[in-house]
Amino acid sequence: MTRRALPVLAAALLAGLLSACTSFAPVYGDRSGSGVDSVRFNFFAPDSRLEQLILNRLKVAFPGQAAPSDPLLDIVTTTASPTGSISDAISVARPANVRIQSTVTIRNGDQVLFEATRFADTSYQTGKLTPVDMASSQGAQETAAKAVAEALRAAILAGYRPTP
C-alpha cells in the first residue's frame, strides 16, 4: 500500500511546489495603466490601401477608446522599387524589389509630439502573366506594409511618451 501511495504523494507535493511559484503579480512594478501601453489615439483617415493596413495594425496595438482631446496619429506611406539585380543571366522570374516606407506623426493640435519613419523591403518574381505579376506585387506590398506597421508600433512604444 505504501508503494502505491508514494508516487501519488510525490506528485501532490510537486504540484503544490509548482503552484506556489506561479502568481499574477507583475514582475516589474505595478501595471496600473499609466504607461505607454494605455495610450489612446485618434486616427486620421487612410489615403491608400497600404495605409489602411498599417492603421488597422496600429488600432489593434493601441485599442483604447480615444477622447476628442487625445492626440492624432497620422500615417504617410510611400511605395518605391529599389534597383534590382543587374545580372541578365536568367531573363524569366527576375526578382522585383519593393520598399514600403511610412512616417507616423503624433500631434496634439499644431504641436508634433512624436515622429518616426520606418521601411521594409521585400521582393517578388516577375516574368509571369500580367495578372499574376499584379497579384504578386500587391501581396509583396501588403506583406511589407504589415512589417512596417510592426516597426512603427515598436517605435511608438520605444519613443513616444504621453503628456500627463
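Quick grid of which residues meet (1) closer than 22 Å to GLY159 by Cα; (2) at pLDDT 90 or above; (3) not aromatic (Phe, Trp, Tyr):
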site	(1), (2), (3)
ASN42	yes, yes, yes
ARG57	yes, yes, yes
SER81	no, no, yes
ARG99	no, yes, yes
ASN108	yes, yes, yes
VAL112	yes, yes, yes
ALA120	yes, yes, yes
SER123	no, no, yes
Exactly one of (1) modelled with pLDDT of 90 or more; (2) of a type in the set (Gly, Ala, Ser); (3) over 21 Å from ALA45 (Cα atoms) is unmet by SER85. Its number?
(1)
In the stretch 92-135, the residues that are free of Cβ contacts under 8 Å to residues at least 24 places away in the same chain and either part of a strand (DSSP E or B) or of a type outside the set (D, E, K, R) (or both)
GLY109, GLN111, VAL112, GLU115, THR117, LEU129, THR130, PRO131, VAL132, MET134, ALA135
Scanning the stretch 109-118 for residues that are of a type outside the set (Asp, Glu) and surrounded by fewer than 16 Cβ atoms within 10 Å (Cβ to Cβ), the one nearest to THR83 (Cα to Cα) turns out to be THR117
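Quick check on ALA116: is it at pLDDT 95 or above, out of contact with any Phe, Trp or Tyr (no Cβ under 8 Å at 6 or more places or on another chain) and hydrophobic (A, V, I, L, M, F, W, C)?
Criteria met by ALA116.
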Of the residues that sit in the stretch 37-51 and are assigned to a helix (DSSP H, G or I) and touching a helix residue (DSSP H, G or I) at 6+ places or on another chain (Cβ under 9 Å), which one is surrounded by the most Cβ atoms within 10 Å (Cβ to Cβ)?
LEU50
What number goes with the only condition from (1) part of a loop (DSSP other than H, G, I, E, B); (2) at pLDDT 90 or above; (3) of a type outside the set (Ser, Thr, Tyr) that ARG31 does not pass?
(2)
Starting from residues that are surrounded by 17 or more Cβ atoms within 10 Å (Cβ to Cβ) and hydrophobic (A, V, I, L, M, F, W, C), keep the ones in the stretch 120-146 and report whichever is farthest from PRO95 (Cα to Cα).
ALA145
Run ALA155 past the list (1) assigned to a strand (DSSP E or B); (2) without any contact (Cβ under 8 Å) to a residue 60 or more places away in the chain; (3) under 17 Å from LYS59 (Cα atoms); (4) of a type in the set (A, V, I, L, M, F, W, C) and report the number of the one that doesn't hold.
(1)
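The values are calculated or read from the model by the stated rules, or taken from the named source; none is laboratory data. Bear in mind that the values here come from a model prediction, so they are computed numbers and not experimental data. Because the Cβ atoms are built from the backbone with ideal geometry, glycine has one as well, and the counts that use them run over all protein chains shown.
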